Amino acid sequence: MDAERVPPGIDPTKAHPSRRYNYWLGGKDNFAVDRESAEMVASAFPTVGLAARENRAFMRRVVGHLAGEAGIGQFLDIGTGLPSAGNVHEIAQAIDPSARIVYVDNDPIVLVHARALLTSEPAGRTAYIDADLRDPEKILAHRELRDTLDLSRPVALMLVATMHFITDDHDPYGIVRRLLGALPSGSFLVMTHATGDYLTPEEYAVNVEANERSGVPFRLRGHEEFARFFDGLDLLPPGVGSVVEWRPEEPAADRPAVEDVSMLCAVARVP
């Protein structure tokens, strides 16, 4: 993507999480500034591309479980990222063609691609909202959300690799509580989050410094900090742990080391 083809509303001099994630996944929808930021993070955490892929694999497993065994037919995916194979609606609608999905992101490139590529099954529906996670009221009040999802019925709130971009000054726990407060009993919270729990003190310091230089606000959180997001909810087994170990499909010998992924996850039901 070069400067001559920059869509309106995009600043190609500022790195964005979704385009950086796209780069780690091997995509081409990113700018030089995104690649530079991504490589800066990779210099401190060389397996970040693996972490991105494992995070995506977790998302596919959990959506399959929720749409199938749990019978969830509505998904609110905030921090959608650029479309790639195996998006939320593709997985959910392969199980339940009537499933409804609302995607939310604040990168215009994501929304351009989403509207072109994320086409729903005829029996279901998808919608796309241009909004920032730090403004949950705008998301919840948006007409597209209200027209697509029935908030009197359970919804799976997907915050996959998103909350680590919400620093403490933006009240991350309050944001999650506000979103969950709009959802009925039987809904689910799905979250993954980068952690420093598997890093040595020296590695942790190097990662924090690299993230600060990368130009993208970022906050590693430990097990206890992450678990706070699920206070009052009913955790599904196996509880809080690595994305690698949440209902894996491969034998242990074929899975990457949790230290190389350094991503926590959990899935919980709203009582």
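The values are calculated or read from the model by the stated rules, or taken from the named source; none is laboratory data. Since the structure is predicted, the reported quantities are computational estimates derived from the model, not experimental observations. Every residue, glycine among them, receives a Cβ derived from its backbone with ideal geometry; neighbour counts consider all protein chains shown. Heavy atoms of the whole protein, side chains included, go into the accessibility calculation; ligands, DNA and RNA do not. Shrake-Rupley method; radii C 1.70, N 1.55, O 1.52, S 1.80 Å.
So if a site counts as exposed when it's one of the GluC sites (Glu not before Pro), its DSSP state isn't H, G, I, E or B, and it has at most 10 other Cβ atoms within 10 Å, what's the longest stretch of the chain without one? List each step's numbers first, then the result.
Values: sites that count: Glu69, Glu249.
Longest run free of exposed loop sites: 70-248.
Of the chymotrypsin sites (Phe, Trp or Tyr not before Pro) found in the range 163-198, not one falls in a DSSP loop while having at most 13 other beta-carbon atoms within 10 Å. Amide H contacts of Gln74 (H built 1.01 Å from N, in plane; Pro and chain starts excluded): Arg100, Ala156 sit under 5 Å, all sequence-distant by 5 or more or on other chains. Charge dipole (Cα centre; +1 on Lys/Arg Cβ, -1 on Asp/Glu Cβ; no other charges) of the range 17-270 amounts to roughly 720 debye.
Taking label positions 7 Å along the Cα-Cβ direction at both Asp254 and Ser152, the computed distance is 4.6 nm, reported to one decimal.
Rounded to 0.05, the FRET efficiency of the Ala227 and Arg53 pair, given R0 = 22 Å and the Cβ-Cβ distance, is 0.35.
Take the Cα of Asp11, step 7 Å toward its Cβ, do the same at Asp171, and the gap between the two points is 2.4 nm.
Local charge for Ala92 was computed over the other residues whose Cβ lies under 14 Å away, with Lys and Arg +1 and Asp and Glu -1, and equals -1. Within the shell of other residues whose beta carbon sits under 12 angstrom from the beta carbon of Ala123, the net charge comes to 0, with Lys and Arg scored +1 and Asp and Glu -1.
For the range 195-271, just say rounded, prolate or oblate: build the C-alpha gyration tensor, square-root its eigenvalues into a ≥ b ≥ c, call rounded for a/c under 1.5, and beyond that prolate if a/b exceeds b/c, oblate if not. In terms of gyration-tensor shape, oblate. Here the range 131-271 has 50 percent of its accessible surface on carbon and sulfur atoms, given a 1.4 Å probe and all protein chains in place.
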